[in-house]
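Taking it in order: structure first as structure tokens, then the write-up.
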Amino acid sequence: CPGENRGTENSGRENVNIKKMGIEKVLFSAIAGCLLLACTLSYAVILDKVIVIVNDEVITQREFDRVFAPMKKSYEENFRGDELKRRLKETKESLLRQMIDTKIAISAAKKAKIEADEEEMQKRIDQIKAYYPDEDTFLQALNERGTNLTEFTKEVSEQMLAQRIVEKEVSAQIV
């Protein structure tokens, strides 16, 4: 039955060709995925440019802008011309110094193995939420501020860390 063997051989070759095509598709998909990821990551880097590195802590452009934007808006409503420029410049410098000081305190707190108390942190967040009529309004306010609940929780945690290290240092000076 030579004809039967040929059919089996062809069937074997077709399976190899199909497997080859499958591998090629997988490789193509993997390469395309990597390129897409690389493009996405490079876009993310541009979106969140690092302004300052303080020890192991980073201040990003987005973080700075999120805090500065409401201040800028307020100044733009109240000042014009050179006065506006002067106040914005002073505020940017002051805000950056304040953010650096906070990052230094956070870094010192982490080095001293001081942690934010989860229960106390949730209590603070709940106190802030109480200023809003409901959860949706609170989340919308965060969104308008350019943040979300996760980032806000991190901010509260960092504030608590900075506060704890300052309290620890002050109490060490008093004793």
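For the reader, a short list of remarks on this structure follows.
- Any chance ILE53 is out of contact with any Pro (no Cβ under 6 Å at 6 or more places or on another chain) and free of Cβ contacts under 8 Å to residues at least 24 places away in the same chain: yes
- Conditions (1) more than 25 Å from ASP65 (Cα to Cα); (2) in contact with a Leu (Cβ under 6 Å, 6 or more places away or on another chain); number of the one not met by GLU119: (2)
- The criterion of at least 2 residues that are β-branched (Val, Ile, Thr) and either open to solvent by 80 Å² or more (accessible area, probe 1.4 Å) or closer than 25 Å to ILE51 by Cβ (or both) is met by the following helices (runs of 4 or more DSSP H) wholly inside the stretch 70-167: 81-111.
- Condition met for ALA30 (within 18 Å of the chain's Cα centre (by Cα), more than 15 Å from GLN98 (Cβ to Cβ), in a helix (DSSP H, G or I) and modelled with pLDDT under 55): no
- Here ASN143 fulfils each of the conditions (1) touching a Lys or Arg at 6+ places or on another chain (Cβ under 8 Å); (2) under 21 Å from GLU63 (Cα atoms) apart from (1).
- Residue that is at pLDDT 95 or above and under 28 Å from GLU169 (Cβ atoms), where the choices are GLU93, GLU57: GLU93
- Take the conditions (1) farther than 24 Å from GLU169 by Cα; (2) out of contact with any strand residue (DSSP E or B) (no Cβ under 7 Å at 6 or more places or on another chain); ILE114 misses just one of them, which is (1).
The values are calculated or read from the model by the stated rules, or taken from the named source; none is laboratory data. Being a predicted model, the structure only gives us computed values, none of them experimental. Positions of Cβ are generated from backbone atoms using ideal geometry, with glycine treated the same way; all protein chains shown enter the neighbour counts. Note: accessible area is taken over every heavy atom of the protein model, side chains too, but ligands, DNA and RNA are not part of it. Shrake-Rupley method; radii C 1.70, N 1.55, O 1.52, S 1.80 Å.
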